[in-house]
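Input: a single structure, listed below in structure tokens.
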Amino acid sequence: MRYTALALAALISLAACSEQATAPPKADAAPEAGVATDATKAANAALAERLPLDQPGDFEDADHGLLAQIQEDIVDETGKVVWSVNAQDFITGPAPDTVNPSLWRQQQLLAKHGLFEVKDGLYQVRGYDLAVMSIIRGETGWIIVDPLTAKETAAAALKLVNDTLGERPVSGVIYTHSHADHFAGARGVISEADIAKGVPVLAPIGFTENAIAENLLAGNYMSRRAILMFGGTLPNDKTGQVGTGLGPALSQGTAGFIPPTEEISGRGTQRTIDGVRFEFIDAAGSEAPAEFMFYLPDFRALCTAEVATATFHNGLTLRGAKVRDFLEWSRVLDYVLVNYADKSDLSFASHHWPTFGTENVQDYLRGQRDVYRYTHDQTVRRANQGSTQFEIAEDIPEPDVQETHFDTRGYYGTLNHNAKAVYQYYFGWWDGVPATYNAWPMEERSKRMVALAGGEDAALVAGEKAFKEGDYRWAAEVFNAVVFANPENKLGRDWLASTYEQMGFQAESGAWRDYYLTGAAELRRGLPVDQAIRLGNADFLKGVPTVELFNALAVRYAPEKLTRDPFTLNFVFPDTEET
């Protein structure tokens, strides 16, 4: 009996050891927020080593002609701050470990704010919204180009101009294109009464239709994604929002809509506004569906709108929009390079700082043209050889121009997602692989992926392994599957947030950084109070043609909620004589 008891005890002990040895591993707690990993530090250091970050030319151009600055925060009628003038004061000195060093350089340039004299009679107010407001001195007043996103920031910019240069009325307004950050602040510089007195508001052909289509039809979803893309809910610090790459940030003021009095078409179309000669250059289908550039012969200055800026732009913006034609975009840039660059002493745009000197303007436009054409041609070439959009984005080499011309680097758009955009433009969303054509939606697919991994714990362990190896792209996929399969899995949410954070810290694109870091913040703290600018307000609706209003209503109709037989309604508008 004694030996039997000993044997039984030994068997029980072995079984316990075996059970303990085969117990499935568990993932550790996610790392502390706001700290760059060794892998992130190494990636950022490698880029800093490769690029000539100390090139002085951009800083000289960005500092050129500073006259005055706004000293106090810009507030709305309720006292709410819509723009903090000191929000980016922290962007000084060497890049921290938590910010891509190339993006840090870009945002040091964009943090410079104030009223700048570009040339006698030509000015810019920069650093008080996402876009730049340009001001041209006419014979009697100011001609305003792109009055920002919000009436409060536009009004503050105009006040700075009047306080510094002497008060004058606004004698004309120009919208270069149909994106809200270039027209929605118009009420801060003019009113309907000004238009009734004859103040012209010029815009490119198709402006009204496209401004409404983008902002009224699809604005709700775009606004939500814009919050992520522009980092509007993130703190302004070295672990949060440092800028968008295109501008400092998007203002949080009051947006509105004043329709243009004339839409301009064609290339070489001439107009004179308050004694200033303009030569308009249609650029529709490049950066926006409705857009123009213009040349000022009296100033020997070329305005490139948003067709050429100090960044590689988007073929398909992260907030969502119609995909853009890079071939046409490069052709437009080639047109102005050939026809206007040699007679331009400077160029200025709707974002960033000017370029000074004819040779520099030529070099700038050449680089811009080449990066769009390169991305177009190499994407299509590789697609014709059988590569998918994902393979192309992974393998397409960085063009030589991006090694030397910072204005072609991906601070807003990127070579990666722009190659995918070119692919989509020609071939659509599908990669041509039969298995992906009718795949399960994300939630169901995630549940099956987690089951295939052996359950949530096993998936978390696999994700943690990828994270610790610095493979954040794969870690994000694994943790994302866990979260979609079970949104209540807090450990999965924490690990996914930590992964997004490292991806944001490494991103050269301000838009990518903001999207990743906002995603991380929402995983940790939940959805924020909506801070999106609303373009469906009464002021905006006043300028909307009736037919476009009904188009907007149509996309809000939910047929599954109809509880009676279909019927027909006739709407009669006596004041506009429409039925």
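Which of the residues spanning segment 311-347 are within 21 Å of Leu130 (Cα to Cα), hydrophobic (A, V, I, L, M, F, W, C) and touching a Lys or Arg at 6+ places or on another chain (Cβ under 9 Å)?
Those that are within 21 Å of Leu130 (Cα to Cα), hydrophobic (A, V, I, L, M, F, W, C) and touching a Lys or Arg at 6+ places or on another chain (Cβ under 9 Å): Phe312, Leu316, Leu318.
Do we find that Thr244 is without any contact (Cβ under 8 Å) to a residue 60 or more places away in the chain and either in a loop (DSSP other than H, G, I, E, B) or surrounded by fewer than 24 Cβ atoms within 10 Å (Cβ to Cβ) (or both) in this structure?
Judged against the criteria, Thr244 is not a match.
Determine whether segment 43-66 contains at least one residue that is touching a residue at least 60 places away in the same chain (Cβ under 8 Å), under 30 Å from Thr149 (Cα atoms), in contact with a helix residue (DSSP H, G or I) (Cβ under 6 Å, 6 or more places away or on another chain) and of a type outside the set (Ser, Thr, Tyr).
Checked against the condition, which is being touching a residue at least 60 places away in the same chain (Cβ under 8 Å), under 30 Å from Thr149 (Cα atoms), in contact with a helix residue (DSSP H, G or I) (Cβ under 6 Å, 6 or more places away or on another chain) and of a type outside the set (Ser, Thr, Tyr), segment 43-66 yields at least one hit.
Which condition number does Lys490 fail, the rest of (1) surrounded by 12 or more Cβ atoms within 10 Å (Cβ to Cβ); (2) touching a helix residue (DSSP H, G or I) at 6+ places or on another chain (Cβ under 7 Å); (3) more than 30 Å from Asp181 (Cβ to Cβ) being met?
That leaves (2) as the condition not met.
Determine if segment 209-222 includes at least one residue that is modelled with pLDDT of 90 or more and part of a loop (DSSP other than H, G, I, E, B).
no
On the given criteria, is Ala497 touching a Lys or Arg at 6+ places or on another chain (Cβ under 7 Å) and outside any loop (DSSP other than H, G, I, E, B)?
Answer is yes for this residue.
Please go through segment 189-207 and give me each residue that is surrounded by fewer than 20 Cβ atoms within 10 Å (Cβ to Cβ) and either among the hydroxyl-bearing types (Ser, Thr, Tyr) or in a strand (DSSP E or B) (or both), ordered by number.
Correct list: Ser191 only.
So which residues in segment 332-346 are part of a loop (DSSP other than H, G, I, E, B) and among the polar types (S, T, N, Q), if there are any at all?
Ser344
What single numbered condition from (1) over 23 Å from the mean Cα position of the chain (by Cα); (2) over 22 Å from Ser350 (Cα atoms) fails to hold for Asp63?
Looking at each condition in turn, Asp63 falls short on (2).
Residue-by-condition table, conditions (1) more than 20 Å from the chain's Cα centre (by Cα); (2) closer than 22 Å to Gln241 by Cα; (3) in a loop (DSSP other than H, G, I, E, B):
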{"site": "Gly93", "(1), (2), (3)": "yes, yes, yes"}
{"site": "Asp97", "(1), (2), (3)": "yes, yes, yes"}
{"site": "Ser102", "(1), (2), (3)": "no, yes, no"}
{"site": "Lys112", "(1), (2), (3)": "no, yes, yes"}
{"site": "Ala131", "(1), (2), (3)": "no, yes, yes"}
{"site": "Asp163", "(1), (2), (3)": "yes, no, no"}
{"site": "Gly172", "(1), (2), (3)": "yes, no, no"}
{"site": "Arg187", "(1), (2), (3)": "yes, no, no"}
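Can you tell me which residues in segment 265-279 are part of a strand (DSSP E or B) and surrounded by fewer than 21 Cβ atoms within 10 Å (Cβ to Cβ)?
Within segment 265-279, Arg267, Gly268, Thr269, Gln270, Arg271, Thr272, Ile273, Val276, Arg277, Glu279 meet the criteria.
Return only the number of the condition from (1) at pLDDT 95 or above; (2) outside any helix (DSSP H, G or I) that Thr233 does not satisfy.
(1)
Only residues that are closer than 23 Å to Leu67 by Cα and among the basic types (Lys, Arg): list them for segment 150-190, please.
Lys151, Lys159, Arg168
What is the number of the single condition among (1) in contact with a helix residue (DSSP H, G or I) (Cβ under 8 Å, 6 or more places away or on another chain); (2) free of Cβ contacts under 8 Å to residues at least 40 places away in the same chain that Ser178 does not meet?
Of the numbered conditions (1) in contact with a helix residue (DSSP H, G or I) (Cβ under 8 Å, 6 or more places away or on another chain); (2) free of Cβ contacts under 8 Å to residues at least 40 places away in the same chain, the odd one out for Ser178 is (2).
Hey, any hits in segment 300-310 for a residue that's closer than 30 Å to Ser509 by Cβ, surrounded by fewer than 20 Cβ atoms within 10 Å (Cβ to Cβ) and either in contact with a helix residue (DSSP H, G or I) (Cβ under 7 Å, 6 or more places away or on another chain) or not small (Gly, Ala, Ser) (or both)?
No - not one qualifying residue is present in segment 300-310.
Would you please list the contacts, defined by Cβ atoms under 6 Å and residues six or more apart or on different chains, that run from a residue in segment 492-516 that is more than 23 Å from Asp407 (Cα to Cα) and at pLDDT 95 or above to a residue that is among the charged types (D, E, K, R) and part of a helix (DSSP H, G or I)?
Pairs found: Ala497/Arg524.
Restricting to segment 288-329, name every residue that is closer than 23 Å to Ile212 by Cβ, in contact with a strand residue (DSSP E or B) (Cβ under 7 Å, 6 or more places away or on another chain) and in a loop (DSSP other than H, G, I, E, B).
The answer is Ala288, Ala290, Ala305, Glu306, Val307.
Determine the pairs where a residue that is at pLDDT 90 or above, located within segment 555-571, has a partner that is surrounded by fewer than 10 Cβ atoms within 10 Å (Cβ to Cβ) and among the β-branched types (Val, Ile, Thr) with Cβ atoms under 8 Å apart, the partner being 6 or more residues away or on another chain.
Asn570/Thr579; Phe571/Thr579
Which one of Val338, Val307, Val276 is farther than 21 Å from Pro200 by Cα and in contact (Cβ under 8 Å) with a residue 24 or more places away in the chain?
Val307
Take Phe292 and decide whether it is crowded, with 24+ Cβ neighbours inside 10 Å and in contact with a Pro (Cβ under 8 Å, 6 or more places away or on another chain).
yes
Filter segment 407-459 down to the residues that are among the aromatic types (Phe, Trp, Tyr), in contact (Cβ under 8 Å) with a residue 40 or more places away in the chain and not in a loop (DSSP other than H, G, I, E, B) and list them by number.
Residues satisfying the conditions are Tyr423, Tyr425, Tyr426, Phe427.
From the list Gly413, Gly432, Gly454, Gly428, exactly one residue is at positive phi and surrounded by 13 or more Cβ atoms within 10 Å (Cβ to Cβ). Which is it?
Gly432
Modelled with pLDDT of 95 or more and out of contact with any Asp or Glu (no Cβ under 9 Å at 6 or more places or on another chain), is that true of Glu49?
yes
The values are calculated or read from the model by the stated rules, or taken from the named source; none is laboratory data. These numbers come from a predicted model, not from an experiment. Glycine gets a Cβ as well: all are built from the backbone with ideal geometry, and neighbour counts include every protein chain shown.
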